[in-house]
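Participant: What follows is a structure written as structure tokens; I'll ask about it next.
The values are calculated or read from the model by the stated rules, or taken from the named source; none is laboratory data. Here the structure is a predicted model, which means the values were calculated and not measured. Here the Cβ positions follow ideal geometry from the backbone for every residue, glycine too, while neighbour counts run over all protein chains shown.
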Amino acid sequence: MAERESVSVGKCEPLERAFMECLRRVPAGVQRDMACRHLNQSLANCLVSVACPREWEAVQSLCSSTGTSLKRSQCLQAQHSLSFCLSSLPQPQLETQTLF
């Protein structure tokens, strides 16, 4: 399973490279925020779609436009499911560095 996940995450690598290049190129501040925002959003969407594909698809299809109260309710449920899926993912362990 881990191998399949790494292959899937690999589809986001071009977006990650573009985002990192944008951060490197544009000085920190409001200009960077504006210049790199679309890449940041695209990378986040890609990573979420890899991590929780079914839930992501449900949110995309149910929340893409306004509709009946039933559709709004289904959209809200899909968003909750996506949130639960993301919160259920294992948290990466941060490496600690020894100062000595």
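Participant: Step by step: first the residues of the range 1-19, then only those that are among the hydrophobic types (A, V, I, L, M, F, W, C) and out of contact with any helix residue (DSSP H, G or I) (no Cβ under 9 Å at 6 or more places or on another chain), then the one that is modelled with the lowest pLDDT. Which residue is that?
Facilitator: Looking at residues that are among the hydrophobic types (A, V, I, L, M, F, W, C) and out of contact with any helix residue (DSSP H, G or I) (no Cβ under 9 Å at 6 or more places or on another chain), I get MET1.
Participant: Taking the range 74-100 as the search range and keeping residues that are more than 21 Å from LEU47 (Cα to Cα) and assigned to a loop (DSSP other than H, G, I, E, B), which one is modelled with the lowest pLDDT?
Facilitator: Among those that are more than 21 Å from LEU47 (Cα to Cα) and assigned to a loop (DSSP other than H, G, I, E, B), it is PHE100.
Participant: Looking at the range 51-85 only, could you name the residues that are in contact with a helix residue (DSSP H, G or I) (Cβ under 7 Å, 6 or more places away or on another chain), closer than 18 Å to CYS12 by Cβ and not charged (D, E, K, R)?
Facilitator: Hits for the range 51-85 are ALA51, CYS52, TRP56, VAL59, LEU82, CYS85.
Participant: If I filter the range 27-62 down to residues being more than 17 Å from the chain's Cα centre (by Cα) and surrounded by 14 or more Cβ atoms within 10 Å (Cβ to Cβ), which single residue comes out as nearest to ALA78 (Cα to Cα)?
Facilitator: Residue satisfying both the conditions and the ranking: LEU62.
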